[in-house]
Amino acid sequence: MAQFPDLPRELRSTQVMLRFGVRMIILVVFAAFASTGFARSLVALLWMSTIMSAVIGAIRREPPFDTVLNHWDETAAYAALCALASGLSQTVLS
């Protein structure tokens, strides 16, 4: 049977930033075509992404304050963007 080389468990920070950027593009596209409005949809999608990243980080047992970027850093970024989008949408809509 063929032996597979040990694959690294952690991604480099550039790969994590690229993954975050691609996911943000996908979230913005889905929010743009939502029937409930862009701001509300973006907030909901960012909130779901925050939860998803936290769950994946916990399942993979990634350390929260590591030297390389991981799912916990994405969780913080999604949460910050969710709070910003929520605050801006409430300011604009009221």
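Rg over Rh for the chain works out to 1.10, using Cα positions for both radii and the Kirkwood form for Rh. Ordered from highest to lowest accessible area with the whole protein assembly present and a 1.4 Å probe, Leu18, Leu46, Leu69 read as Leu18, Leu69, Leu46. Surface analysis of the chain yields an accessible area of 74 Å² per residue, using protein heavy atoms and a 1.4 Å probe.
Filter the chymotrypsin sites (Phe, Trp or Tyr not before Pro) in region 65-94 down to the DSSP loop ones having no more than 10 other Cβ atoms within 10 Å, then list what survives. For chymotrypsin sites (Phe, Trp or Tyr not before Pro) across region 65-94 that sit outside H, G, I, E and B with at most 10 neighbouring Cβ atoms in 10 Å, the list reads Phe65.
Build a GNM of the chain with springs between Cα atoms under 10 Å apart, and of Thr50, Thr75, Thr36 the one that fluctuates most is Thr36. In the chain, the calculated helix contribution to ellipticity at 222 nm averages -24000 deg cm²/dmol per residue, counting -39,500 (n - 2.57) for every DSSP H run with n ≥ 4. Approximating the spin labels as points 7 Å out from Cα along Cα→Cβ, the Gln90-to-Val28 distance works out to 2.4 nm.
Within the chain, the whole DSSP H helices whose Cα atoms reach 30 Å or more along their own axis and whose mean Kyte-Doolittle score is at least -1.0 are 38-59, 71-93.
The values are calculated or read from the model by the stated rules, or taken from the named source; none is laboratory data. Predicted model only: the values in this text are computed from it and were never measured. Methodologically, a virtual Cβ is constructed for each residue, glycine included, from the backbone with ideal geometry; neighbour enumeration extends over all protein chains shown. The accessibility values were calculated without ligands, DNA or RNA, using every heavy atom of the protein model including side chains. Shrake-Rupley method; radii C 1.70, N 1.55, O 1.52, S 1.80 Å.
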